[in-house]
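Written out below as structure tokens is the structure these notes cover.
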Amino acid sequence: PTIKDIIHLKANDELLLDSEIHWYVNGEEISERSNNTMFFYYELKKGDVIQAIVVKENKKFPSNEIIIANSPPMIKRAIMKPESPHVGSVLEVDAEAYDPDGDEVSFDYKWFINDSLFGEESSIYEGFKRGDKISVEVIPKDGDSYGKSVTLSKIIENAPPIVIEGRGGVNGEFYEYHINAHDPDGDELVYKLEEAPEDMTIDKDGVIKWKIDQDDYGTHNIKVNISDGHGGYVLYAIDVNINPPVTP
């Protein structure tokens, strides 16, 4: 039995007739439970020794001793993070457990990719691609026993493009800027100017070109839409400063 269980005394009716029942925890009598064939005590702890003694006609009939066993922990809350995982994400579990005995609780994990066991670490960050089903079994333990596990699942979503700082500048009468971007899923990227001077262009590799003249001196705010064809995109902003040539 555990601290949550009701303990029952089993004896023949003849012995119990006109007798007294005394309950003991670790040798100390719990008087408020006397003369009851059922025993429940809120202050029980794991490892306590329980015994009942029936007294009849000044004779004592002790029961066998039982020891309060460990109560396994229970998961109160478990969430797989992040909410929308994609390639490049670190998948982990935010879990909270309760142990009736007050023991410290930790967790074991079993990660599955498309129902195949992948690992048993606390998190995973590789080995999956867009569309894969990721599941994790979360198992609580208190050092003595394991509690009931829970299983969480998510589908790996599309990852948006990633832009690293590009490079550019004026070369003669042309301004040129190279956008440095890649897609974690390996998708081909499409570049489109959202906000730009009328005669500015961008090619399929993310290279911006613009023939400038004296009317273009000043600061220009450029916005480029970079999309992956699967709903993922990023708006990349560039501040272009065109200064007049320095005359000697």
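The values are calculated or read from the model by the stated rules, or taken from the named source; none is laboratory data. Predicted model, so just to flag it, every value in this text is computed and none were measured. Note that each Cβ is placed from the backbone with ideal geometry, even for glycine, and that neighbours are counted across all protein chains shown.
A few comments on the model shown:
- The single residue among Val93, Val25, Val54, Val105 that is β-branched (Val, Ile, Thr), surrounded by 17 or more Cβ atoms within 10 Å (Cβ to Cβ) and under 30 Å from Pro161 (Cβ atoms) turns out to be Val93.
- Number of positions in segment 67-82 that are more than 28 Å from Asp94 (Cα to Cα) and exposed (fewer than 14 other Cβ atoms within 10 Å of the Cβ): 1
- The residues listed here are Ala11, Ala69; of these, the one that is more than 47 Å from the chain's Cα centre (by Cα), in contact (Cβ under 8 Å) with a residue 40 or more places away in the chain and assigned to a loop (DSSP other than H, G, I, E, B) is Ala11.
- Test: residue in segment 73-92 that is under 28 Å from Ile6 (Cα atoms) and in a loop (DSSP other than H, G, I, E, B): yes
- Close pairs from segment 172-192: first without any contact (Cβ under 8 Å) to a residue 24 or more places away in the chain, partner of a type in the set (Val, Ile, Thr), Cβ under 8 Å, at least 6 apart: His182/Ile162; His182/Ile164
- Tabulated pairs, segment 226-241, first on the phi > 0 side of the Ramachandran plot, second at pLDDT 95 or above and not in a strand (DSSP E or B), C-beta under 6 angstrom, 6+ apart or interchain: Gly229/Asp187; Gly231/Asn158
- Conditions (1) without any contact (Cβ under 8 Å) to a residue 24 or more places away in the chain; (2) farther than 23 Å from Ser89 by Cβ; (3) among the aliphatic types (A, V, I, L, M); number of the one not met by Ile164: (2)
- Residue match in segment 225-239 (condition: outside any strand (DSSP E or B), within 24 Å of Asn180 (Cβ to Cβ), of a type in the set (Val, Ile, Thr) and out of contact with any Cys (no Cβ under 6 Å at 6 or more places or on another chain)): no
- Selection of segment 201-211 for residues being at pLDDT 95 or above and not hydroxyl-bearing (Ser, Thr, Tyr) yields Ile202, Asp203, Lys204, Asp205, Gly206, Val207, Ile208, Lys209.
- When the residues of segment 14-31 are filtered to those that are assigned to a loop (DSSP other than H, G, I, E, B), more than 14 Å from Ile66 (Cα to Cα) and not hydrophobic (A, V, I, L, M, F, W, C), the one that is modelled with the lowest pLDDT is Asp18.
- Checked against the criterion of being over 42 Å from the mean Cα position of the chain (by Cα), among the β-branched types (Val, Ile, Thr) and either modelled with pLDDT of 95 or more or not in a loop (DSSP other than H, G, I, E, B) (or both), segment 32-51 has no qualifying residue.
- Test: Ser145 is of a type in the set (Gly, Ala, Ser), surrounded by fewer than 18 Cβ atoms within 10 Å (Cβ to Cβ) and in contact with a Pro (Cβ under 7 Å, 6 or more places away or on another chain): yes
- Residue that is farthest from Lys209 (Cα to Cα), among those in segment 137-189 that are touching a Phe, Trp or Tyr at 6+ places or on another chain (Cβ under 8 Å) and part of a loop (DSSP other than H, G, I, E, B): Ile156
- If you go through segment 191-248 and keep only what is over 45 Å from the mean Cα position of the chain (by Cα) and surrounded by 12 or more Cβ atoms within 10 Å (Cβ to Cβ), you end up with Pro197, Met200, Lys209, Trp210, Lys211, Ile212, Asp216, Tyr217, Ile242.
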